[in-house]
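Comments concern the structure below.
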Amino acid sequence: MNPGREILDNGTVVCTAPPHRIGTDGLLLARFCVPRRAERAADLGSGCGIIALAWHDAGHRGPCAAVELNGTAHGLLAQALAEQPEAAAHIRAVLGDLRQFGAGQAPAFDLVACNPPYFTAGRPSPDPQRAAARHEETAAFTDVADCAGRLLRDGGKFAFCLPPDRLAQAFAALAAARLEPKRLRFVKKEPDRAPWLFLCEAQKNRRPGLRVEPDLCLQAGIPYGTGR
């Protein structure tokens, strides 16, 4: 495999290949929930590893598990880590199913993030890899929330993004996993258009209290470096 390479703001390389590319939603999520330097973090359904690598690019150096079921996507992150020893020193590319990840282990993570498949209905792509990335074929959002609840220590944070029409469903899944929504931000492409995405951060075993942050408008774009 000869992957493409994208370079983040501080020089971190992300290996990509169709359909495992850098998306705006992944970048937004990574910047919405940057872990502290030494915190223990996990990226569920990591794809080519954009969230874990963007965290590294921003200064994170604590243990980070990037969990991905697709072998091609997992291989892209593994290649990026093989080329970058400093990132490989703290990021672990895990080939596996998030529905089993961390089972039987004590909750120990400070931050878990996931950019999950968006669609629950409609016709999936004929490309199996694209279909798995966009439709809930291998794991539903309830599975993601359950995994986050299982991994996080009390007070630990779970961050994710979804289209606005899935907000009520997402909050129900969070409640079932003992995750309380704490921050919510809607994302627009232009000021006068409806949001197309929301970013949310929840905490494990915390009291209710949601802060709705100002809408984020992407009219100016989201620069992240240069491709080569």
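Here are the numbers for the structure shown:
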read-out: Geometric extent, Cα atoms of the chain - Rg, Dmax (angstrom); value: 16.5, 48
read-out: Cross-link reach list, aspartates and glutamates versus LYS189, counting only Cα pairs under 14 Å and skipping chain neighbours closer than eight places; value: ASP25, ASP215
read-out: GNM result for the chain, Cα springs below 10 Å: residue of ARG92, ARG211, ARG40 fluctuating most strongly; value: ARG211
read-out: Long-range amide H partners of GLY156 with built H, under 5 Å; value: LYS204
read-out: Extension gain, ASN2 back to CYS217 (0.36 nm per residue minus Cα-Cα distance, nm); value: 73.9 nm
read-out: Carbon + sulfur, % of accessible area of the chain - ligands and nucleic acids excluded, 1.4 Å; value: 50 percent
read-out: Rounded accessible area per residue of the chain, 1.4 Å, Å²; value: 46 Å²
read-out: Efficiency of FRET between ALA82 and ALA172 - r from beta-carbon atoms, R0 45 angstrom, step 0.05; value: 0.65
read-out: Segment ARG193-ALA89, length gained on full extension (0.36 nm per residue, minus Cα span); value: 33.2 nm
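The values are calculated or read from the model by the stated rules, or taken from the named source; none is laboratory data. As the structure is a prediction and not an experimental result, all values here were calculated from the model. Note that each Cβ is placed from the backbone with ideal geometry, even for glycine, and that neighbours are counted across all protein chains shown. Keep in mind that these areas ignore ligands, DNA and RNA; they rest on the heavy atoms of the full protein, side chains included. Shrake-Rupley method; radii C 1.70, N 1.55, O 1.52, S 1.80 Å.
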